[in-house]
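See structure below.
The values are calculated or read from the model by the stated rules, or taken from the named source; none is laboratory data. Just so you know, these numbers come straight off a predicted model, no measurement behind them. Here the Cβ is made from the backbone with ideal geometry for all residues, glycine too, and neighbour counts use every protein chain on show.
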Amino acid sequence: MLAFVVGLRTTLDAVCLAGFVCSGLARLARFNATVALIPKDEAGKSRYFEGLPIPSTLFIVGLLAWWTKMGWIINEQGVPFGVVHLWESKTGSGEVHLVSLLFVAWAAMMVSKTLHIPKL
């Protein structure tokens with residue numbers, strides 16, 4: 001919702017943001033289903049997170065808040081890094097903000113089976 005409010009409103013942005021939300025839901029579901037299979041330490045706690053944990057998305061929230069504080073998403077400046085026009089047609093254009101790719105990359109890291117983040 002915050003990304004939409006700051007200006008990620010093209011159709012392709014919405015697809016990226018929906019994928020981000022769905023990946024977060026899939027990550028939580030997989031964690032609940034597979035937590036028993038992850039190796040444990042002596043205290044019975046999991047040794048690592050499989051994929052990025054959901055609270056890591058607060059980094060993106062902080063980034064959006066910082067951009068707002070700096071005034072980078074107000075008025076005509078738009079969202080940092082701008083928009084890429086992929087195609088033009090009679091039914092609409094294929095525009096996507098480059099920042100949306102951050103959401104796509106984060107979503108991929110959340111659902112990654114091979115990314116192991118050690119617990120501290």
### Task
Could you tell me whether region 26-44 includes any residue that is acidic (Asp, Glu) and free of Cβ contacts under 8 Å to residues at least 40 places away in the same chain?
yes
#### Entry: Single condition VAL21 does not satisfy, out of (1) more than 30 Å from LEU120 (Cβ to Cβ); (2) aliphatic (A, V, I, L, M); (3) surrounded by 12 or more Cβ atoms within 10 Å (Cβ to Cβ); (4) without any contact (Cβ under 8 Å) to a residue 24 or more places away in the chain
(1)
### Query
Can you name the number of the only condition in (1) in contact with a helix residue (DSSP H, G or I) (Cβ under 8 Å, 6 or more places away or on another chain); (2) small (Gly, Ala, Ser); (3) more than 19 Å from ALA107 (Cα to Cα); (4) at pLDDT 85 or above that GLY51 fails?
(3)
### Message
What's the number of the only condition in (1) closer than 16 Å to VAL5 by Cα; (2) part of a loop (DSSP other than H, G, I, E, B); (3) of a type in the set (Phe, Trp, Tyr) that PHE81 fails to meet?
### Response
(1)
### Query
Quick check: is even one residue across region 70-77 under 23 Å from MET1 (Cα atoms), in a helix (DSSP H, G or I) and among the acidic types (Asp, Glu)?
yes
#### Entry: Qualifying position, being of a type outside the set (Lys, Arg) and touching a Leu at 6+ places or on another chain (Cβ under 8 Å), among LEU37, LEU52, LEU28
LEU52
#### Entry: Single residue of LEU2, LEU25, LEU17 found to be touching a helix residue (DSSP H, G or I) at 6+ places or on another chain (Cβ under 6 Å), within 15 Å of ALA108 (Cα to Cα) and among the aliphatic types (A, V, I, L, M)
LEU17
